[in-house]
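Participant: Just passing along the structure, written as structure tokens.
The values are calculated or read from the model by the stated rules, or taken from the named source; none is laboratory data. Computed from a predicted structure; not experimentally measured. For neighbour counting, all protein chains shown are included, and Cβ atoms are generated from backbone atoms with ideal geometry for every residue, glycine included. Note: accessible area is taken over every heavy atom of the protein model, side chains too, but ligands, DNA and RNA are not part of it. Shrake-Rupley method; radii C 1.70, N 1.55, O 1.52, S 1.80 Å.
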Protein chains: 4
Amino acid sequence: MTAPSPSERSAFVPAPPPGRRTAVLLLTCPDARGIVAAVAAFLSGHGANIVDVEQHTDADEGLFFQRVEFALDGFDLADDDVLPAFREVSEPFAMEVELRFPERVPRVAVLVSGQDHCLLDLLSRARTGERVGDVVVVVSNHPDHQASCDFFGVPFHHLPVDGPGGKPAQEQALVALLERERVELVVLARYMQVLGPDVVGRYPHRILNIHHSLLPAFVGAKPYHRAHARGVKVIGATAHYATVELDQGPILVQDVAAVTHRDSVEDLVARGRDLEALVLARAVKLHVAAKVLVHGGRAVVFG
Amino acid sequence: MTAPSPSERSAFVPAPPPGRRTAVLLLTCPDARGIVAAVAAFLSGHGANIVDVEQHTDADEGLFFQRVEFALDGFDLADDDVLPAFREVSEPFAMEVELRFPERVPRVAVLVSGQDHCLLDLLSRARTGERVGDVVVVVSNHPDHQASCDFFGVPFHHLPVDGPGGKPAQEQALVALLERERVELVVLARYMQVLGPDVVGRYPHRILNIHHSLLPAFVGAKPYHRAHARGVKVIGATAHYATVELDQGPILVQDVAAVTHRDSVEDLVARGRDLEALVLARAVKLHVAAKVLVHGGRAVVFG
Amino acid sequence: MTAPSPSERSAFVPAPPPGRRTAVLLLTCPDARGIVAAVAAFLSGHGANIVDVEQHTDADEGLFFQRVEFALDGFDLADDDVLPAFREVSEPFAMEVELRFPERVPRVAVLVSGQDHCLLDLLSRARTGERVGDVVVVVSNHPDHQASCDFFGVPFHHLPVDGPGGKPAQEQALVALLERERVELVVLARYMQVLGPDVVGRYPHRILNIHHSLLPAFVGAKPYHRAHARGVKVIGATAHYATVELDQGPILVQDVAAVTHRDSVEDLVARGRDLEALVLARAVKLHVAAKVLVHGGRAVVFG
Amino acid sequence: MTAPSPSERSAFVPAPPPGRRTAVLLLTCPDARGIVAAVAAFLSGHGANIVDVEQHTDADEGLFFQRVEFALDGFDLADDDVLPAFREVSEPFAMEVELRFPERVPRVAVLVSGQDHCLLDLLSRARTGERVGDVVVVVSNHPDHQASCDFFGVPFHHLPVDGPGGKPAQEQALVALLERERVELVVLARYMQVLGPDVVGRYPHRILNIHHSLLPAFVGAKPYHRAHARGVKVIGATAHYATVELDQGPILVQDVAAVTHRDSVEDLVARGRDLEALVLARAVKLHVAAKVLVHGGRAVVFG
């Protein structure tokens, strides 16, 4: 808990293929004629080669969403000049614009409580070279994860909620740690504490949570117990951005498993562990690849 | 609406294979030593050959559930004498017992409103020889299904809810029709009227409903609209026995489909049609095969 | 079999929403800089509004695939002039180009043998308003489907393979019928005859077949029997374009169902029916929506 | 490689709940009247309480399969006396009988090559308390897994195939190690060497392999490359018992994932890793729970 400077980037972060540095524009605006052509003309005029385009029009709300990925090789604008120059396109169309550089892997904090299956899964994927971000710190209200973090070479911090000052003090320490480590994505990997609005507000669409049910079913505590009591034949897990309202944030990924009357609550918990780890990992990879756009409580998740 | 006597069994009901007539005992009792052996000894002592056994012990509630299917060839008890004779087993173990003869295909009424995809699916399956029961009557609050029912050779009754006497009169006419047709299973195949407690109470665990969501999510009206608004990535359908509480009955079958932000409400509706027809058909077949036991609001659904 | 002129468009084909007439360009070319911008500039310069773009780069083969859908409202080129004018883009990039108008629903022939589940499924979907094309004729080597086709209002032709002249004569009659009806898409809906190269060659990537296995497993006859003998735990169905090599054509859609040792061959056949109908319908809809591009034996299937 | 005595049971093996020690009989015989009753009478007569019964009749082959699990509390036969006494039932019915004690967790060897995702998954599950057996040794032809095994507290042995004596010598050393460790189940967790018939013959239905395709598709090497070349839309993994014929053994578990043209071979490999680990773990748990019966190249896999 005393690391004075941010941790180094871990050895697990894969380098981008040479000559393939790209940038991503994530655009949201009212639907209108000519958006696609205007964006393409801007990029082309500055020497960029468009390597991927995905878009979505929400006809009901009259909104247009686009993700454009373009190669930086040959592009004539410096990274910091892209958004200012792009105003010639974004302003006439009243666009919200986000610019991301996929090879700048976000610095990730993983928060965890007693159960470590999602944590170990993410760290294993990082080591295998999957693009789950650069896990620079693991934080838990339980002390149990030091050995695992040592094994994977990631700093571990134990921040108990029952220390002096209670949970408010713990959240203060947490925020201080996240800021010191310059964390850009917080992953709640079965972190069983509700984060206060102060923390959530600092990281809009930057906190990913895994909930162990198919939201909106079984919001809140003990979803497997309640699923068992209801006699459902399908369980699931949901990865979503945390918002101040519990389990109401935009959904990125959901997946399911079939169950039967033979499955006890413990069986559901065990089946659910696999789902939770998979669903959370997919969501982290989508976020890291800049494939998610949020609007009005819903997530547009590109290919 | 004027058929004076119950309809004949339709030509679509497959005959049981000769020499393979079987009976099924569905048993529920407090868990105890010796149940399996006692049941087996009773059947064996009367010359029955057990062709299938499935059982389930709910450890939390201390309950035992069993489905025993036995060949009637060689069995020395008449159909009506089985339950009285079986009291020597069922009474000591405080069993609830249901006796079913799978080759006695239940007489089925299908209730439908405007959308006919579940109705056509069931009638097609009946014609193909799938064991979905003997559909002796189709009832709708819409007039549109006469031609389809004619094509499949099933009597159609239009019972509008806005006739003289309103919905109470319609339900009276419905009950009279179901009784006249000696209906043993009512299938709500996207019947968009809430059945009153008088109807539901007459057919305990004999009314199958298809709900177009993954219950308990989106109880009630317009689940696809609400699923779209919430931005879910999985939709589903749920087949359950109707009870007086809306969408709260025991669940037999659930299944799902992945969706994305590209899917409009209309897309969800179209995807859902396939799910609804499949899930409802599976549930009907399970019921007809005597594979469902209900206890405490949950369904034990055997293999 | 005597209809002298092509059938009228069926009543089931939904009209395009007013003001939303669109065209689709399907492009394949060697990957290069500037393709996206050049296409967008061409369309924009002629007053078209791009409503959807999807693309795919096959890095291994150095190929670029794109589907661009644009609104025709405001577009200054007549339908027949689009491709000639587009040569200014397509020639420099060595593009293969296909132009489709989604509201011009293709005229579809459904070929079927004894089993009718895929046929009935397609006709039901057409009637429900799903975009499965305009089924102008149903052809079978079995005589059994007249009543079903009458019910759905689609002309039925019985072309037996054991008539005078045998199978060659039957194929000649088939080709004559397809041409007279100006058929643009042939759907083999469990048609159990191998089509000769003369027929297949006339409809490149215009004949959709459903095979009742997860290709490349169980190519050829009796896949469910062989799946049962192998003891697989998953069965599936595959929709692909027919080519002269049996079951080797480009795959559009596959889907699966879990099975167990309890499932007999007959059970697999019954489970398979549902899969076959669903998978074939999805493939037909993708083709009709101009969402499929074929290259080198593989299908690029857009969103 | 020098451990002189078998390793101790690892700390991760969960103890059976007190008073719930059970035994399992796995029975195969020609179908006949009275089997179920005879087995139940035998067990009941010796004071056993049957806690689970599952059975299966293969009508085509006239075979009967049964798994009976019974509590040992109150049972009047010593473990070693069960099979001799049971001959009064098994001989008249010509049964093949296997007796298993689920709380006697089998000693497991995990064999692995370069990729460690299945190994880490199994070791994580063991630590979490899932019933994947008692992993007493990990063997690899690669040297890379010492640190992981140290972390999980499992002995690691590096047995290179290119040492003196080549692969025959390596297999000899492997067999010696398996025997010294009294291994009862060998798990090939992406072990990329073909085991010779000498090794396979020693462990009939005691070697579990994970193959990275949906067998029988893509038998042999590089299945993901071949799946990509064929343009499939579904990939899968298959867990089966190894036999001397490559990838032909009885299948226990298969599962699938949907893929698209956007997925490169590397993407399939990554998606496949998750499938392989899940499918292999399920198969190991089924084997450990004595839920698998093999007959004629196919596996009966109970509930």
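Participant: Specify which residue in the list B:T28, B:S44, B:H56 is farthest towards the positive end of the charge dipole of region B:22-100, using unit charges on the beta carbon of Lys, Arg (+1) and Asp, Glu (-1), about the Cα centre.
Facilitator: B:S44
Participant: Using a label point 7 angstrom from Cα along Cα-to-C-beta, what distances in nm, from shortest up, separate C:P84 from the other copies?
Facilitator: So the label point of C:P84 gives 4.9, 9.4, 9.9 nm to the other copies.
Participant: Let me ask you something else. Rounded to the nearest angstrom and ordered from largest down, what semi-axes does the equivalent ellipsoid of chain D get from its C-alpha gyration tensor (root of 5λ)? Show your work: numbers first, answer last.
Facilitator: Numbers: eigenvalues 244, 120, 64 Å².
Taking √(5λ) for each Cα gyration eigenvalue gives 35, 24, 18 Å.
Participant: Give a residue-ordered list of calculated ³J(HN,Hα) values for region B:110-126 (Karplus: 6.51 cos²θ - 1.76 cosθ + 1.60, θ = phi - 60°; whole Hz; x for Gly, Pro).
Facilitator: 9, 9, 8, 10, x, 7, 10, 5, 5, 4, 4, 4, 5, 5, 4, 5, 4
Participant: A further question on this structure: On a 0 to 90 degree scale, rounded to 10, what angle separates helix A:35-45 from the longest Cα axis of chain A?
Facilitator: Tilt relative to chain A: about 70 degrees.
Participant: Now for a different question. Using alpha carbon coordinates only, what is the Rg to Rh ratio of region B:88-151, with Rh defined as the Kirkwood radius?
Facilitator: Numbers: Rg = 17.3 Å, Rh = 14.2 Å.
Rg/Rh for region B:88-151 comes to 1.22.
Participant: For peptide A:166-173, how many partner chain Cβ atoms fall within 10 Å of a residue's Cβ, on average? Provide the component values of the computation, followed by the final result.
Facilitator: Working: counts 0, 0, 0, 0, 0, 0, 0, 0.
Per residue, the number of nearby Cβ atoms from other chains is 0 on average.
Participant: If I histogram all Cα-Cα distances within the protein assembly as shown using bins 20 Å wide from 0, what percent of pairs lands in each bin?
Facilitator: 10, 37, 39, 14, 1
Participant: I need the inter-copy label distances for D:K222: point set 7 Å along Cα to C-beta, values in nm with one decimal, smallest first.
Facilitator: Nearest to farthest, the other copies are at 3.4, 5.5, 5.6 nm.
Participant: A follow-up question, please. Between D:D81 and D:E103, what is 0.36 nm times their sequence separation minus the Cα-Cα distance? Round to one decimal in nm.
Facilitator: On the way: separation 22, 0.36 × 22 = 7.92 nm, distance 1.80 nm.
Stretched fully, the D:D81-D:E103 segment lengthens by 6.1 nm.
Participant: Output wanted: per-residue J couplings in Hz (rounded whole) for region A:252-266, from phi through Karplus 6.51 cos²θ - 1.76 cosθ + 1.60, θ = phi - 60°, x for Gly and Pro.
Facilitator: Each residue of region A:252-266 in turn: 9, 9, 9, 8, 9, 9, 6, 10, 10, 4, 6, 7, 6, 4, 5 Hz.
Participant: Pull up the DSSP beta bridges for the protein assembly as shown and report the antiparallel fraction as a percent, rounded to 5. Present the calculation step by step, with values, prior to reporting the outcome.
Facilitator: Working: 154 of 218 bridges.
Among the beta bridges of the protein assembly as shown, antiparallel pairing accounts for roughly 70 percent.
Participant: Taking the Cα centre of the protein assembly as shown as origin and charging only Cβ (+1 Lys, Arg; -1 Asp, Glu), how large is the dipole, in debye to the nearest 20? Don't skip to the end; give the middle numbers.
Facilitator: Values: 116 positive and 152 negative charges, 0 e Å.
My answer is approximately 0 debye.
Participant: If you take each beta carbon of peptide D:269-279 and count the beta carbons of other chains within 10 angstrom, what is the mean? Please report the intermediate quantities before stating the final value.
Facilitator: Values: counts 0, 6, 0, 0, 4, 7, 0, 0, 3, 2, 1.
The shielding value for this peptide is 2.
Participant: A follow-up question, please. Taking a label point 7 Å out from Cα toward Cβ, give me the nm distances from C:A258 to the same spot in the other copies, shortest first, one decimal.
Facilitator: The answer, with the shortest distance listed first, is 0.5, 1.6, 1.7 nm.
Participant: Right, another one. Give me the 1.4 Å probe accessible area per residue for chain A, excluding ligands and nucleic acids, in Å².
Facilitator: Numbers: 11570 Å² over 303 residues.
Ligands and nucleic acids excluded, the result is 38 Å² per residue.
Participant: For chain A, what is the mean residue ellipticity at 222 nm derived from helices alone (per DSSP H run of n ≥ 4: -39500 (n - 2.57); sum divided by total residues; nearest 500 deg cm²/dmol)?
Facilitator: -9500 deg cm²/dmol
Participant: Just grab the label-to-label distance for C:D73 and D:R262, each label 7 Å out from Cα along the Cβ direction, in nm (one decimal).
Facilitator: Simple spin-label model gives 2.9 nm for this pair.
Participant: Along the charge dipole of region B:107-301, Cβ charges K/R +1 and D/E -1, which of B:P160, B:S148, B:P223 sits furthest on the positive end?
Facilitator: Checking the options against the dipole of region B:107-301, the answer is B:P223.
Participant: Note the angle between two axes, namely the Cα long axis of helix A:166-180 and the longest principal axis of the Cα atoms of chain A, as a number of degrees from 0 to 90, rounded to the nearest 10.
Facilitator: Between the helix axis and the principal axis of chain A, the angle is about 40 degrees.
Participant: Probe radius 1.4 Å, ligands and nucleic acids ignored: give me the carbon and sulfur share of the accessible area of chain A as a rounded percent.
Facilitator: On the way: 6190 of 11570 Å².
About 54 percent, which is the carbon plus sulfur part of the accessible surface.
Participant: Restricting things to alpha carbons, tell me how big region A:82-194 is in terms of Rg and Dmax, in Å.
Facilitator: Cα radius of gyration and Dmax of region A:82-194 are 17.6, 55 Å respectively.
Participant: Determine the total buried accessible area between chain A and chain B, counting protein heavy atoms only with a 1.4 Å probe; round to the nearest 100 Å².
Facilitator: On the way: alone 14190 and 14200 Å², together 25810 Å².
It comes to approximately 2600 Å² buried between A and B.
Participant: Further question: Can you say what percent of the DSSP beta bridges in region A:107-301, counting only those with both residues inside, are antiparallel? Round to 5.
Facilitator: 50
Participant: Amide H of C:N49 versus every other amide H placed in the peptide plane: which residues, excluding those fewer than 5 positions away on the same chain, fall under 5 Å?
Facilitator: Hits under the 5 Å cutoff: C:A71.
Participant: Using the alpha-carbon centroid of each, what span in Å lies between region B:238-303 and region B:118-155?
Facilitator: Using only Cα atoms to place each centre, the spacing works out to 19 Å.
Participant: Starting from the Cα coordinates of region C:172-229, work out the convex hull volume and express it per residue in Å³. Please report the intermediate quantities before stating the final value.
Facilitator: Values: hull volume 5.1 nm³, N = 58.
Here the figure is 87 Å³ per residue.
Participant: Assign unit charges at the C-beta atoms only (+1 for Lys and Arg, -1 for Asp and Glu), then state the dipole size of region D:107-301 relative to its Cα centre in Debye, rounded to the nearest 20.
Facilitator: Numbers: 21 positive and 20 negative charges, 112 e Å.
Computed charge dipole of region D:107-301: roughly 540 debye.
Participant: In Å³ and rounded to a whole number, note down the convex hull volume per residue for the Cα atoms of region B:22-100.
Facilitator: Considering the Cα atoms of region B:22-100, their hull volume per residue is 75 Å³.
Participant: Can you tell me what the convex hull of the Cα atoms of region A:13-170 projects to on average, as an area in nm²? Let's see the in-between values first.
Facilitator: On the way: hull surface 52.2 nm².
Answer in nm², one decimal: 13.1.
Participant: Grab the alpha carbons of region A:198-303, take their convex hull, and tell me the volume per residue in Å³. Walk me through the numbers on the way to the answer.
Facilitator: Numbers: hull volume 10.4 nm³, N = 106.
So the per-residue Cα hull volume is 98 Å³.
Participant: Determine the residues within region B:37-68 where the difference in accessible area between the chain on its own and the full set of protein chains amounts to at least 20 Å²; count protein heavy atoms only and use a 1.4 Å probe.
Facilitator: Listed in order, they are B:A37, B:A40, B:S44, B:N49, B:I50, B:V51, B:D52, B:V53, B:E54, B:Q55, B:H56, B:D60.
Participant: For region D:66-123, restrict the atom set to alpha-carbon positions and state the Rg and Dmax in Å.
Facilitator: Over region D:66-123's Cα set, Rg and Dmax evaluate to 17.8, 51 Å.
Participant: Once phi is turned into ³J(HN,Hα) by the Karplus curve 6.51 cos²θ - 1.76 cosθ + 1.60 with θ = phi - 60°, what whole-Hz value does each residue of region A:270-276 show in order, with x for glycine and proline?
Facilitator: 3J(HN,Hα) across region A:270-276, in whole Hz: 5, 4, x, 3, 4, 4, 4.
Participant: Take peptide A:115-123, look around each residue's Cβ out to 10 angstrom, count Cβ atoms belonging to other protein chains, and average those counts.
Facilitator: Values: counts 1, 3, 4, 0, 0, 5, 5, 0, 0.
Mean shielding count: 2.
Participant: Are there residues in region C:218-235 whose accessible area shrinks by at least 40 Å² when all protein chains are included rather than the chain by itself, and which are they (probe 1.4 Å, ligands and nucleic acids not counted)?
Facilitator: Residues losing area: C:H228, C:R230, C:K233, C:V234.
Participant: Kirkwood Rh, region B:124-275, all Cα pairs: how many Å?
Facilitator: Values: mean 1/r = 0.0591 Å⁻¹.
The Cα-based Kirkwood calculation yields 16.9 Å.
Participant: Hey, another quick one. Of all the residues in chain B, which one has the C-beta that comes nearest the axis relating B to A, and what is the distance in Å?
Facilitator: Per the Cβ-to-axis criterion, the result reads B:A217, 2.
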